[in-house]
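To start, the structure itself, in structure tokens.
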Amino acid sequence: MARRLVSEGHEVTMVCGSYGGGNTGLNGVFSRGRRQGFVDDIQVIEFDLAYSNADGFIKRALLFLLFALRSVGVAMTRKYDVLFATTTPLTAGIPGVFARWLRGKPFVFEVRDLWPELPREMGVITNPVILWAMGVLEWVSYRSAHRLIGLSPGIVKGIQRCGVPSERVAMVPNGCDFSIFEGADGAWRPDGVADEDLLAIFT
């Protein structure tokens, strides 16, 4: 998405944390908990917050909150025209809330999963206080956003159930950049995956 925006002439700053399974393209040392630079003409700000799905709930929740708070600092000091936030986690919307109400910036919120509905239905989170707090954050984030994007019809309906007018919500189905597969000779396999390796694709 960022590359496409750059190709259309926009300047993009991407704020992210660290993840063991990913690579931001930055390789400098962290200074005061962050490093930044340009990758494919995208300004990347990476916080030294190493996330893993193997971490426990408390550690992940703390990392989500720390990321949101540090991102608020970026949202409140940088020059930009539009703030675009995408879940999960739900706390990703916090910088947008601050930008909207304290700086008057347009805020677009992309919703990839319905929180707290998803963890509640899966039984991952059962504490009523935490679920209530997440519900408040969901309501505030949705009501603060100038526009919302849902990746499926069900997500769009979930956003609208929170009282958001339908004209402020758009559905943009989660898709794929098919150019990745162009020119594949026979069965496609990504670089680094040997013929004897198991290859599974989530479609």
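Only the coordinates and a few stated rules stand behind these numbers; no lab work does. Keep in mind that what you see is a predicted model, and the values were worked out from it rather than measured. Cβ placement follows ideal geometry from the backbone for every residue including glycine, while neighbour counts extend to all protein chains displayed.
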Next on the checklist: Bins of 10 Å, beginning at zero and ending with the bin holding the largest distance: percent of Cα pairs per bin for the chain, please.
Outcome noted: 7, 28, 36, 22, 6, 0
Next on the checklist: Could you sort the peptides 120-132, 136-148 by per-residue average Cβ neighbour count (10 Å cutoff), highest mean leading?
Outcome noted: 136-148, 120-132
Next on the checklist: Show me the helices of the chain, taken as full DSSP H stretches, that run 15 Å or more along their long axis by Cα and average -0.5 or above in Kyte-Doolittle hydropathy.
Outcome noted: 57-77, 128-144
Next on the checklist: Can you compute the FRET efficiency between Thr77 and Leu199 using 1/(1 + (r/R0)^6), with r the Cβ-Cβ distance and R0 = 35 Å? Round to the nearest 0.05.
Outcome noted: 0.20
Item to check | the range 1-46-the range 106-175 distance, computed between alpha-carbon centres (Å) | outcome: 26
Checklist outcome for this item: Here FRET efficiency (C-beta to C-beta, Ser179 to Ser52, R₀ 30 Å, nearest 0.05) is 0.50
Checklist entry - What span do the alpha-carbon atoms of the range 118-203 cover on each of the three principal axes, reported in whole Å from largest to smallest? => result 50, 34, 17
Checklist entry - P(r) of the range 37-152 in 10 Å steps, Cα pairs, percent per bin? => result 13, 43, 35, 9, 0
